[in-house]
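Structure record follows, encoded as structure tokens.
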Amino acid sequence: MDGFRFDLAPALARENGQVDKLGGFFNVIRQDPALNRVKLIAEPWDLGAGGYQVGNFPAGWMEWNDRYRDGMRAYWKGDGGRIGEFARRFTGSSDLYGRGGRSPHASINFVTAHDGFTLHDLVSYDRKHNEANHEGNRDGTDNNLSWNCGVEGPTDDPAVRALRERQKRNFLATLLLSQGVPMLLAGDEIGRSQQGNNNAYCQDNELTWLDWSLDEDKNRLLDFARQLLALRRSHPSFRRRDFFQGRPLFGPEIKDIYWLKPDGAEMSESEWNHDYARSLGVYLSGAGLDDVDARGRPVHDSDFLLLFNAASEDLAFTIPAIDGDPWRALIDTASETGSGGAQRFVAGDRFPLKGRSLALCIRPASWSPRRAGASHASLQRHPP
């Protein structure tokens with residue numbers, strides 16, 4: 001048995017009506033020689049008082065992170081003032097799991113689950129459509145943080161359909177490139193729809209079955225998901241064992257992560273609070289991994305540059321002045337296939353970042369004694 005996912009897990013830990021992190025349930029599992037070695041995943045909320053326990057489970061437990069779900073939905077929906085929340089969730093939710101010796105793996109990241117909208121419906125409906133459940137559309141949540149891209153439900157409008165496909169690529173790429181453990185709802189990789197039903201537990205029919213007859217759009221989305229999974233598997237930068245520190249690596253100018261403005265400069269603390277901000281970039285240093293291989297040798301990776309734009313307007317994102325080889329575009333969700341077309345960019349170039357899209361650029365593993373003393377003085381320096 002690989003592990004267990006506990007539904008409404010706080011209910012199992014209640015003693016005298018209160019969730020007790022030091023109670024008998026957790027003690028029994030911690031002391032059991034079989035159970036304390038397997039994966040333990042909590043749905044960290046129940047219906048009782050004080051039942052919302054996201055971030056509060058003991059070390060050794062992983063949790064469904066609904067803060068990740070809501071933060072990513074709101075950001076790609078285009079809501080303002082979300083870039084700080086986006087950044088925290090993208091980097092593994094250290095504010096929730098960084099205490100008590102927990103790692104980014106404690107966060108089970110998801111955008112959709114068996115309850116709620118599928119990914120296709122998340123970008124196709126502004127409101128639930130649960131009439132088939134025969135409860136007068138009263139069942140299911142109304143807080144979906146969804147956006148229909150301009151038309152409610154199915155449409156033949158090519159512009160709306162293209163935008164929906166782009167939004168699906170945005171969500172998939174964000175999920176599979178985030179720190180933490182990605183959870184993908186079966187069928188999202190082929191654009192499965194429940195026709196706007198966000199509470200389809202009672203439907204055992206075509207509404208909830210997986211249809212494997214794939215059209216061109218579904219095949220493209222499936223290929224894109226495969227590309228992302230292969231990328232994540234190949235690069236430890238997206239599977240860190242520890243949280244980013246924003247700290248110097250080899251000198252005062254080189255850090256494990258930089259957050260960037262569209263002009264290529266580093267974000268300042270005050271700029272995280274701008275309500276109008278919907279675009280940001282992040283530089284991940286391949287030399288910033290606190291990990292070793294099976295022989296105890298330090299693990300290094302390629303450098304990565306991710307550019308995000310949840311605004312409807314296109315922008316020219318300036319490539320930051322960070323020493324190294326040219327960047328090569330791997331992913332651009334504005335493309336029908338999600339491919340970056342292998343475009344190459346150097347510091348100071350402008351990346352044509354389309355509205356409601358993200359891009360991922362890569363350059364070869366770049367640590368060397370020379371770079372350890374390199375200057376990044378052209379970046380504005382601010383506290384991490």
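The values are calculated or read from the model by the stated rules, or taken from the named source; none is laboratory data. Since the structure is predicted, the reported quantities are computational estimates derived from the model, not experimental observations. Glycine gets a Cβ as well: all are built from the backbone with ideal geometry, and neighbour counts include every protein chain shown.
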- What is the residue count in segment 5-39 for residues that are assigned to a loop (DSSP other than H, G, I, E, B) and under 28 Å from the mean Cα position of the chain (by Cα)? 4
- Heads up, the strands (runs of 3 or more DSSP E) in segment 280-344 (entirely inside) with at least 2 residues that are crowded, with 22+ Cβ neighbours inside 10 Å are 303-309, 327-332
- Give me a count of the residues in segment 49-76 that are among the basic types (Lys, Arg) and either over 14 Å from the mean Cα position of the chain (by Cα) or under 25 Å from Asp256 (Cβ atoms) (or both). 1
- Task: Identify all residues within segment 118-139 that are out of contact with any Cys (no Cβ under 8 Å at 6 or more places or on another chain), in a loop (DSSP other than H, G, I, E, B) and more than 22 Å from Gly180 (Cα to Cα); write none if there are none.
- Result: Tyr125, Asp126, Arg127, Lys128, His129, Asn130, His134, Glu135, Gly136, Asn137, Arg138, Asp139
- Please determine, by comparing only the residues of segment 243-267 that are over 22 Å from the mean Cα position of the chain (by Cα) and modelled with pLDDT of 90 or more, which one is surrounded by the fewest Cβ atoms within 10 Å (Cβ to Cβ). Asp263
- Message: Contact list please: Cβ distance under 9 Å, first residue in segment 153-177 and farther than 12 Å from Glu336 by Cα and without any contact (Cβ under 8 Å) to a residue 24 or more places away in the chain, second residue in a helix (DSSP H, G or I) and basic (Lys, Arg), pairs at least six apart or on different chains.
- Response: Thr155/Arg161; Thr155/Arg164
- Message: Considering only segment 313-327, I want to know if a residue exists there that is more than 27 Å from Ser103 (Cα to Cα), at pLDDT below 95 and of a type in the set (Gly, Ala, Ser).
- Response: yes
- Yes/no for Arg240 being part of a loop (DSSP other than H, G, I, E, B) and surrounded by 17 or more Cβ atoms within 10 Å (Cβ to Cβ): yes
- Counting only residues that are among the charged types (D, E, K, R) and part of a helix (DSSP H, G or I), which one in segment 175-217 is farthest from the chain's Cα centre (by Cα)? Glu216
- When the residues of segment 80-115 are filtered to those that are part of a loop (DSSP other than H, G, I, E, B) and in contact with a Leu (Cβ under 8 Å, 6 or more places away or on another chain), which remaining residue is surrounded by the most Cβ atoms within 10 Å (Cβ to Cβ)? Val111
